[in-house]
Amino acid sequence: MKKKASSSGEWLTAILVALSMAIIIRMFFFAPYEVHGESMYPTFEGQELLIVNKWIYDVSKPGYGDIVVFHTVEQKDFIKRVIGLPGDIISVKGGHVYRNGKKLDEPYINGPIKGVVEAKKVPPNHLFVMGDNRNRSRDSREIGPVSMGEVVGRADVVVMPIREFQLLFR
């Protein structure tokens, strides 16, 4: 009888440890995020399930091209691509984005951009982000630069649908 009770206690301990680890990982390291809308088309078609790395920017700085999830004042999370880092000057003219006066090579976007954005300097501790579907995206052109304090993390993996599984970071 003691052997059975001991075995049950070990199982309960293992389950509690596993559950605690899952909660800690979810709260501090990685989180699921579902893509909604078409602002990141063709990179995402919408309804993809991603894993967001929540701690990466605690140990490294964001990079150009990173796909980030961030909070907005509307209490919604957005997903966009990092185009500008603090100190960069971003502009849009002739259907293209320019960073510090140099035209960006962006094979991931969905066609040329409509409109013009006069040169904007990215403030300290902020990012300039844009959707890949530039003509159907609310991004830093409209909402302004994103504070690093609002960034949830970097999208690292597409896990669903299974046929779309891929790593997103370089």
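Readers should treat all values here as calculations from the given coordinates under stated rules, not as data from a laboratory. Nothing here was measured: the structure is a model prediction, and the numbers come from that model. Counting neighbours? That spans all protein chains shown, and the Cβs are built from the backbone with ideal geometry, glycine included.
Qualifying trypsin sites (Lys or Arg not before Pro) in segment 46-92, where qualification requires a DSSP coil assignment and no more than 16 other C-beta atoms within 10 Å, comprise LYS76.
Distance between the pseudo-spin-label points of ALA31 and TRP11 (7 Å out from Cα toward the beta carbon): 3.4 nm. The phi-based Karplus calculation (6.51 cos²θ - 1.76 cosθ + 1.60; θ = phi - 60°) puts the 3J(HN,Hα) values of segment 111-123 at x, x, 8, 8, x, 10, 10, 5, 3, 10, 8, 6, x Hz, whole numbers, x for Gly and Pro. Please go through segment 89-138 and write out the trypsin sites (Lys or Arg not before Pro) that DSSP classes as loop and that have at most 10 other C-beta atoms within 10 Å. Passing both the DSSP loop test and the Cβ count: LYS114.
Estimated at 0.36 nm per residue, the fully extended path between GLU118 and LYS103 surpasses their Cα-Cα distance by 4.0 nm. Close amide H partners of LYS54, meaning residues 5 or more places away or on another chain with modelled amide H under 5 Å apart, are PHE30, ALA31. Within segment 78-164, the chymotrypsin sites (Phe, Trp or Tyr not before Pro) that combine a DSSP coil assignment with at most 14 other C-beta atoms in a 10 angstrom radius are TYR108.
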